[in-house]
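The values are calculated or read from the model by the stated rules, or taken from the named source; none is laboratory data. All figures in this text were calculated on a predicted structure; none of them were measured in a lab. With ideal geometry, Cβ positions are generated from the backbone for all residues, glycine too; neighbour counts draw on all protein chains shown.
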């Protein structure tokens with residue numbers, strides 16, 4: 001009857017485990033560290049949070065795709081027959097026939113610094129019955145190069161770069177959110193583990209109290225038999241046993257609930273024996289006082305809290321939007337350069353005097369000669385331009401800029417308010433640790449006094465100076481004192497977990 005809290009917990013756990021295991025299935029012994037590790041592997045909430053960074057990686061890839069080069073290619077054939085309306089139509093007979101085969105390839109790409117280029121190569125082969133034409137078949141090839149570069153609006157940042165930078169910030173936020181989910185889940189697991197340990201120990205206290213009542217009932221019956229106690233005392237003892245049996249039943253239900261809560265956090269729900277195995281905690285509800293440095297904890301929280309980091313990332317995202325809209329209010333100044341090369345070949349007719357002159361011969365220039373014209377730069381053409389445009393009057397970009405500035409100021413104020421709340425939460429968590437530490441010390445003394453009181457009442461009853469009522473009252477007081485010590489130890493361990501977690505993630 002005189003056993004400490006830790007010995008009571010271990011003794012009852014060892015005595016209950018075989019029968020419970022036989023009734024409910026396998027027993028899985030679990031330390032609190034094992035519980036956290038398994039939860040990070042199997043918890044569905046953590047699994048969901050792990051997918052967010054992968055989604056944001058795809059968002060970054062989508063934004064970067066804006067600078068992927070685009071390849072185009074076209075192969076086209078055409079034939080046109082035109083009725084001759086006059087002798088100048090250029091063909092004998094009722095119609096003029098033109099046939100053309102063209103092929104072109106090109107590459108275009110937007111560049112990360114705002115510019116863009118395109119390169120295109122065209123080739124064609126054309127035949128005609130129009131005798132005014134000097135080539136039939138005619139071979140033509142051309143090469144075109146073009147480059148565009150914004151000098152003000154879109155130079156430092158544009159839509160594609162804004163989207164990329166925002167996507168990168170969203171990826172960072174996803175990492176922070178994952179870290180918060182891990183911290184919150186670890187806290188929930190540690191709390192659930194402590195709750196299960198407390199439920200087991202509390203059930204042991206109720207069972208011990210029931211055994212005391214049963215033993216006292218047996219002793220009372222023996223005293224009634226020998227005539228030293230009134231028969232009415234048996235009724236009182238039986239009522240006490242019934243009341244404590246009810247307390248054991250309630251404790252059993254609380255234990256099962258705590259076990260299911262921990263089970264849902266730690267194990268994979270798709271396992272076939274998910275609801276049948278029993279969890280047996282192997283870490284007792286010990287009390288170990290830790291030093292509490294509020295100033296250091298506050299500095300750590302202000303530097304590492306996930307909700308503050310998310311707000312900071314949101315502030316950085318708003319700053320990107322602010323820079324983008326500020327750039328969009330600048331004049332649109334764009335420099336353009338176009339350069340082209342052309343080559344011509346095929347069967348060229350040689351004509352005599354007159355108009356259009358009779359064909360007196362022909363020369364052939366193959367496709368190789370056409371390409372030679374291109375590479376020799378025989379027929380170049382170029383264009384350079386500078387385009388300036390600026391709207392007169394209010395613009396949507398100016399309104400968006402003003403809105404972004406207000407949002408940035410709002411986010412800064414929200415961050416300062418959040419920092420104040422974090423500091424308050426850390427101080428409160430530290431206060432709870434110190435308060436519960438004193439509670440453990442007080443309840444331990446109270447439990448020791450309750451043990452001494454019960455011992456005194458039993459001695460007084462044996463000497464005939466007390467009644468069974470006071471003995472039962474002392475037994476109930478001892479059970480309550482043991483539960484109070486258990487609860488204080490549980491609350492202390494929970495407050496320590498909260499104090500550690502509040503420096504990394506919000507508690508709610």
- prompt: Counting only residues that are in a helix (DSSP H, G or I) and touching a residue at least 12 places away in the same chain (Cβ under 8 Å), how many does the range 388-402 have?
  reply: 4
message: Which numbered condition in (1) crowded, with 20+ Cβ neighbours inside 10 Å; (2) under 13 Å from the mean Cα position of the chain (by Cα) is the only one that residue 178 fails?
response: (1)
query: What are the residues in the range 216-235 that are under 13 Å from residue 461 (Cβ atoms) and in a helix (DSSP H, G or I), if any?
result: 216, 219, 220, 223, 233
- prompt: Do we find a residue being assigned by TED's automatic domain parsing to the domain that holds residue 196, farther than 24 Å from residue 206 by Cα and at pLDDT 90 or above anywhere in the range 484-492?
  reply: no
task: Give me a count of the residues in the range 62-74 that are without any contact (Cβ under 8 Å) to a residue 60 or more places away in the chain and either surrounded by 11 or more Cβ atoms within 10 Å (Cβ to Cβ) or not in a helix (DSSP H, G or I) (or both).
output: 7
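Yes/no matrix, rows are residues, columns are (1) under 30 Å from residue 341 (Cα atoms); (2) in the same structural domain as residue 298 (by TED's automatic domain parsing); (3) touching a residue at least 60 places away in the same chain (Cβ under 8 Å):
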position: 372; (1), (2), (3): yes, no, no
position: 416; (1), (2), (3): no, yes, no
position: 422; (1), (2), (3): no, yes, yes
position: 451; (1), (2), (3): no, yes, yes
position: 470; (1), (2), (3): no, yes, no
position: 474; (1), (2), (3): no, yes, no
- request: Give the residues of the range 189-216 that are crowded, with 19+ Cβ neighbours inside 10 Å and either without any contact (Cβ under 8 Å) to a residue 60 or more places away in the chain or within 23 Å of residue 501 (Cα to Cα) (or both), sorted by residue number.
  value: 189, 190, 191, 192, 193, 194, 195, 196, 197, 198, 210
- prompt: Cβ-Cβ below 6 Å, separation at least six or inter-chain, first residue in the range 286-303 and surrounded by 14 or more Cβ atoms within 10 Å (Cβ to Cβ), second assigned to a loop (DSSP other than H, G, I, E, B): which pairs?
  reply: 297/503; 300/503; 301/503
query: assigned by TED's automatic domain parsing to the domain that holds residue 461 and touching a strand residue (DSSP E or B) at 6+ places or on another chain (Cβ under 7 Å): does that describe residue 234?
result: no
message: Go through the range 143-175 and report how many residues are in a helix (DSSP H, G or I), in contact with a strand residue (DSSP E or B) (Cβ under 8 Å, 6 or more places away or on another chain) and surrounded by fewer than 18 Cβ atoms within 10 Å (Cβ to Cβ).
response: 0
message: Here is a check on your reading of the model: is residue 77 outside the structural domain of residue 384 (by TED's automatic domain parsing) and touching a residue at least 24 places away in the same chain (Cβ under 8 Å)?
response: no
task: Return a yes/no flag: does the range 106-126 have any residue that is under 30 Å from residue 279 (Cβ atoms), at pLDDT below 95 and surrounded by fewer than 14 Cβ atoms within 10 Å (Cβ to Cβ).
output: no
- request: Go through the range 250-285 and count every residue that is outside any helix (DSSP H, G or I) and without any contact (Cβ under 8 Å) to a residue 12 or more places away in the chain.
  value: 4
message: Restricting to the range 29-47, give me the number of residues that are loosely packed, with under 13 Cβ neighbours inside 10 Å and either modelled with pLDDT of 90 or more or part of a loop (DSSP other than H, G, I, E, B) (or both).
response: 1
